[in-house]
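Worksheet: the structure to be examined is printed underneath.
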Amino acid sequence: GAVVSQHPSWVICKSGTSVKIECRSLDFQATTMFWYRQFPKQSLMLMATSNEGSKATYEQGVEKDKFLINHASLTLSTLTVTSAHPEDSSFYICSARATPYEQYFGPGTRLTVT
Amino acid sequence: QKEVEQNSGPLSVPEGAIASLNCTYSDRVSQSFFWYRQYSGKSPELIMSIYSNGDKEDGRFTAQLNKASQYVSLLIRDSQPSDSATYLCAVKTSYDKVIFGPGTSLSVIP
């Protein structure tokens, strides 16, 4: 149980284009999902908290107009990186809260912007 | 002060030894603590969660929590080469967010 999927697993895009990443909880409903970013040899940095049916809460320093988050259902949250630039290249990982005490991670999406 | 701190390592232990990983946190009100294991290029996987002071054992893993000292640790007994990975300490803060430490790289030498 508590499986979280992400799609795509990797994506290469050109600078200036937008990329959408999907995060799905497969066997549970998640009112809260989280988006993290991880640069090489660094830890996970929380970008935003996504609550079903409401606006996402962004961490300080994260541009909400650049990283659009939509949590339209209890099993799906999407992150859209708009006008991507090479510095946005990173490993994006979503996480879904299965219980008040535990959250499970998706396999991650590796984004490369050329 | 960073919210969650860990020794960055790398920590090297011989196969069969005990690996000890440490973590401190700054939010005194935190109630939930987690250890994740992350292999290179992969997403983190939950190893253990702990909520009460004291020890919690699961197989070869033992998590220890001391809220007064704001300290969490993970012991890995009979370390195996497959345990070689980065171990992330995570804390659920009073703001209901899970914040990760920088991770400790563990290498188990055969």
Near pairs, Cβ below 9 angstrom, 6+ apart or cross-chain, from the stretch B:52-63 (under 22 Å from B:Ser30 (Cα atoms)) to any residue that is part of a strand (DSSP E or B) and among the acidic types (Asp, Glu): B:Thr62/B:Asp55; B:Ala63/B:Asp55; B:Ala63/B:Glu57
Selection count where residues are surrounded by fewer than 22 Cβ atoms within 10 Å (Cβ to Cβ) and in contact with a Pro (Cβ under 8 Å, 6 or more places away or on another chain), scope the stretch B:80-105: 2
Wholly within chain B, strands (runs of 3 or more DSSP E) carrying at least 2 residues that are away from chain A (no Cβ under 14 Å) and not acidic (Asp, Glu): B:11-14, B:19-25, B:61-66, B:71-76, B:104-109
Criterion: of a type in the set (Gly, Ala, Ser), closer than 14 Å to B:Val98 by Cβ, surrounded by 13 or more Cβ atoms within 10 Å (Cβ to Cβ) and touching a residue at least 12 places away in the same chain (Cβ under 8 Å) - qualifying residue of A:Ser50, A:Ser73: A:Ser50
Unique residue being of a type in the set (Lys, Arg) and modelled with pLDDT under 90 when the list is A:Lys41, A:Lys64: A:Lys41
Count - residues of the stretch B:12-31 that are surrounded by 17 or more Cβ atoms within 10 Å (Cβ to Cβ) and farther than 14 Å from B:Pro102 by Cα: 3
Selection count, the stretch A:40-69, where residues are away from chain B (no Cβ under 12 Å) and of a type in the set (A, V, I, L, M, F, W, C): 5
Residue match in the stretch A:10-17 (condition: in contact with a strand residue (DSSP E or B) (Cβ under 9 Å, 6 or more places away or on another chain), within 12 Å of another protein chain (Cβ to nearest Cβ) and under 24 Å from B:Ala90 (Cβ atoms)): no
All positions within the stretch A:40-97 that are closer than 25 Å to B:Ser49 by Cα and touching a Pro at 6+ places or on another chain (Cβ under 9 Å): A:Gln42, A:Ser43, A:Leu44, A:Phe91, A:Ile93, A:Ser95
Whichever residue in the stretch A:93-114 is more than 9 Å from chain B (Cβ to nearest Cβ) and of a type in the set (S, T, N, Q) and, among such residues, is farthest from A:Val11 (Cα to Cα): A:Thr99
Evaluation of A:Ser89 against (1) free of Cβ contacts under 8 Å to residues at least 40 places away in the same chain; (2) within 11 Å of the chain's Cα centre (by Cα) (one fails), failing number: (2)
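The values are calculated or read from the model by the stated rules, or taken from the named source; none is laboratory data. Just so it is clear, the structure is predicted and the values come from calculations on it, not from any experiment. Every residue, glycine as well, gets a Cβ built from its backbone with ideal geometry; the counts of neighbours run over all protein chains shown.
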